[in-house]
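Since the structure comes first, as structure tokens, the remarks are kept for the end.
The values are calculated or read from the model by the stated rules, or taken from the named source; none is laboratory data. None of these values were measured; they are calculated from a predicted model. Note: ideal-geometry Cβ built from the backbone for every residue, glycine included; neighbour counts use all protein chains shown. All accessible areas refer to the heavy atoms of the entire protein, side chains included, with ligands and DNA or RNA removed. Shrake-Rupley method; radii C 1.70, N 1.55, O 1.52, S 1.80 Å.
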Amino acid sequence: MISRKVNNVQEALEGIQDGQTIMLGGFGLCGIPENSIAALVQKNVTDLTCISNNAGVDDFGLGLLLQKRQIKKMISSYVGENAEFERQMLSGELDVELTPQGTLAEKCRAAQAGIPAFFTPAGFGTEVAEGKETREFNGKMHVMELAYKADFSIVKAWKGDEAGNLIFKGTARNFNACMAGAAKITIAEVEELVPAGTLNPNEIHIPGIMVNRIFQGEKFEKRIEQRTVRQK
């Protein structure tokens, strides 16, 4: 069985260069590849196009890359809790492509499945549809969307084995599942890395064939954007 294990995050990110397009899993701060993002900041790559649901917060997640002006373009579904993202977008410093959330997910999944394009009713009659092919199906207008083309996809999973098989935990599955295998190279950052054959095959969410490199991260903060607790 082919081992996809690499020794550390630096080895996992080898080959990432200025000007590339990178998918990053997560939803807000839930399920983001914390170690990989921190290493990208240290790697000091610039002019990146990042495909992610949003950009985290000012001082964590993709917000760290935004602070250092390492991101040239963000492809997201919303701005979220990141004030710096909002500031750079409104000032014109950052190129932003806002995409309906379901469309963003399907553009990732289409790339994962090798489907070049698909039609969706989302966005028809709005700015989202400008310059795109439209077609009527069953009496309803649809917009043609192209699958994403990314150089790297960086996802985070709860458990993984050395063959690249992944298991997500709870809502941290989010965009990680549809981004795995959706780029030329997929990097998986996991909380626990076990020998091949250890995981129950019935519990695996992503098969190892969709992963190129896997490593065990460390010191996950798992921050919560908005903590809501029951009043005593």
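How about the stretch 76-112: which of its residues are of a type in the set (A, V, I, L, M, F, W, C) and out of contact with any Cys (no Cβ under 7 Å at 6 or more places or on another chain)? Don't jump to the end; show me each part of the working.
Going through the stretch 76-112, the residues of a type in the set (A, V, I, L, M, F, W, C) turn out to be 79, 83, 85, 89-90, 94, 96, 98, 104-105, 108, 110-111.
Listed by number, the residues that qualify are V79, A83, F85, M89, L90, L94, V96, L98, L104, A110, A111.
Being in contact with a helix residue (DSSP H, G or I) (Cβ under 6 Å, 6 or more places away or on another chain), of a type in the set (G, A, S) and over 19 Å from S3 (Cα atoms) is the filter here; which residues of the stretch 144-164 pass it?
Across the stretch 144-164, the qualifying residue is only A147.
Return the pairs, sorted by first residue and then second, in which the second residue is in a helix (DSSP H, G or I), the first residue lies in the stretch 79-95 and is over 13 Å from R69 (Cα atoms), the beta carbons are less than 8 Å apart, and the residues are 6+ apart or on different chains.
That search, which allows pairs on different chains as well, returns V79/F85; V79/E86; V79/M89; N82/G63; N82/L66.
If we only count strands (runs of 3 or more DSSP E) wholly inside the stretch 1-117, which ones have 2 or more residues that are open to solvent by 20 Å² or more (accessible area, probe 1.4 Å)? Show your work before the answer.
Values: elements: 21-24, 48-51, 71-76, 95-98.
Fully inside the stretch 1-117 and qualifying: 71-76, 95-98.
If I ask for residues that are under 30 Å from D59 (Cβ atoms) and either within 19 Å of the chain's Cα centre (by Cα) or free of Cβ contacts under 8 Å to residues at least 40 places away in the same chain (or both), which ones from the stretch 192-204 would you list? Don't jump to the end; show me each part of the working.
Of all residues in the stretch 192-204, those under 30 Å from D59 (Cβ atoms) come to 192-193.
Passing the criteria: only E192.
How do the pairs read when you match residues in the stretch 108-125 that are under 19 Å from M179 (Cα atoms) with residues anywhere that are in a strand (DSSP E or B) and open to solvent by 60 Å² or more (accessible area, probe 1.4 Å), using Cβ under 8 Å and keeping only pairs 6 or more apart or on different chains?
Pairs that qualify, where the first residue is under 19 Å from M179 (Cα atoms) and the partner is in a strand (DSSP E or B) and open to solvent by 60 Å² or more (accessible area, probe 1.4 Å), are P116/L146; A117/L146.
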